[in-house]
Amino acid sequence: MLIASARTPGELDAMVNQRVAGLPLEQVLGWAEFRGLRIAVDPGVFVPRRRTEFLVEQAIAVARPGDVIVDLCCGTGAIGIALAAAVPRAELHAADIDPAAVRCARRNVATFASSLGLVARVYQGDLYQPLPAGLRGRIAVLVANVPYVPTEEIAFLPPEARTHEPPVALDGGGDGLDVLRQVAAGASCWLAPGGHLFVETSERQAKAAGTAFAASGLVPCVISDEGLAATVITGQRPG
């Protein structure tokens with residue numbers, strides 16, 4: 001992949017040196033493949049994981065044409081873009097607290113908006129805070145790839161993650177569920193009646209995550225894929 005991407009021998013040498021130094025391959029290349037789409041990945045921005053395609057597939061299964069879709073903790077914007085690409089006439093809103101991620105997501109959204117016919121906006125801020133008030137009670141599909149690594153386990157992550165990805169995209173607090181609880185707590189105010197929230201978590205955290213969803217008035221369901229080592233918890237707003 002490095003050979004195919006390099007335009008000159010000197011550029012190839014530089015890319016190889018970056019990779020040897022531990023920079024994630026996707027950041028060296030400047031892109032990652034996600035559900036068949038080439039998503040730009042800037043240095044210092046969270047790299048979309050292939051297992052997260054499972055979350056997108058679950059969301060696609062309930063989405064309908066024209067739905068309002070929101071991607072919180074959007075990173076590169078890969079999840080929201082891939083979901084909106086599969087939903088005709090989708091209206092996409094994405095947000096992240098990290099300025100570098102927002103810049104990257106805006107570039108990706110601009111790339112795909114015209115070709116996919118998307119109505120899309122990317123905001124900078126903490127979770128729901130930057131979203132337009134007019135979205136309250138209108139969101140049909142809410143996806144959030146929240147950080148879910150417990151703080152004390154960050155040191156055990158591969159160096160590509162702990163050194164080259166932002167801590168805010170990895171650190172989920174004491175039990176890894178701090179941000180998930182915040183997303184769940186606010187979801188009922190923003191989801192349309194019958195709307196769904198989708199969050200990736202780990203198998204060992206799924207029970208506690210389900211409890212947080214239920215405490216926030218959502219009907220929880222845990223779905224897993226052993227092959228991808230992926231666990232997704234969904235929560236539906238009644239009505």
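Note on region 4-16: residues that are farther than 12 Å from Val28 by Cα and either assigned to a helix (DSSP H, G or I) or among the hydrophobic types (A, V, I, L, M, F, W, C) (or both) total 3. Scanning region 77-90 for residues that are more than 13 Å from Arg121 (Cα to Cα) and part of a loop (DSSP other than H, G, I, E, B) turns up Ala86, Val87, Pro88, Arg89. No other residue among Arg103, Arg64 is surrounded by fewer than 20 Cβ atoms within 10 Å (Cβ to Cβ) and either within 15 Å of Leu37 (Cα to Cα) or more than 17 Å from the chain's Cα centre (by Cα) (or both) apart from Arg64. Of all the residues in region 131-151, those that are among the aliphatic types (A, V, I, L, M) and either at pLDDT below 95 or touching an Asp or Glu at 6+ places or on another chain (Cβ under 7 Å) (or both) number 4. Taking region 186-239 as the range and being assigned to a strand (DSSP E or B), surrounded by fewer than 19 Cβ atoms within 10 Å (Cβ to Cβ), without any contact (Cβ under 8 Å) to a residue 40 or more places away in the chain and not β-branched (Val, Ile, Thr) as the test, the residues that pass are Cys221, Ser224. Within region 69-88, is there a residue that is surrounded by fewer than 20 Cβ atoms within 10 Å (Cβ to Cβ) and without any contact (Cβ under 8 Å) to a residue 24 or more places away in the chain? The answer is yes, given that some residue of region 69-88 is surrounded by fewer than 20 Cβ atoms within 10 Å (Cβ to Cβ) and without any contact (Cβ under 8 Å) to a residue 24 or more places away in the chain.
Given the conditions (1) outside any loop (DSSP other than H, G, I, E, B); (2) more than 24 Å from Pro193 (Cβ to Cβ), which single one is not true for His93? Every listed condition holds for His93 apart from (2).
Scanning region 57-71 for residues that are touching a Leu at 6+ places or on another chain (Cβ under 6 Å) and closer than 18 Å to Ala113 by Cα turns up Ile69, Val70.
Of everything listed in (1) touching a helix residue (DSSP H, G or I) at 6+ places or on another chain (Cβ under 8 Å); (2) outside any strand (DSSP E or B); (3) touching a residue at least 60 places away in the same chain (Cβ under 8 Å); (4) within 20 Å of Ala230 (Cβ to Cβ), the single unmet condition for Leu23 is (4). Residue count for region 62-92 satisfying the condition of being at pLDDT below 95 and basic (Lys, Arg): 1. Here is the figure for region 106-120: residues that are surrounded by fewer than 15 Cβ atoms within 10 Å (Cβ to Cβ), under 18 Å from the mean Cα position of the chain (by Cα) and closer than 21 Å to Ile139 by Cα total 0. A residue that is free of Cβ contacts under 8 Å to residues at least 60 places away in the same chain, out of contact with any helix residue (DSSP H, G or I) (no Cβ under 7 Å at 6 or more places or on another chain) and within 25 Å of Cys189 (Cα to Cα) can be found somewhere in region 47-59. Annotation note: of Tyr123, Tyr128, the sole residue that is in a strand (DSSP E or B), modelled with pLDDT of 95 or more and under 15 Å from the mean Cα position of the chain (by Cα) is Tyr123.
The values are calculated or read from the model by the stated rules, or taken from the named source; none is laboratory data. Just so you know, these numbers come straight off a predicted model, no measurement behind them. FYI the Cβ positions are ideal-geometry reconstructions off the backbone, even for glycines, and counts take in every protein chain you see.
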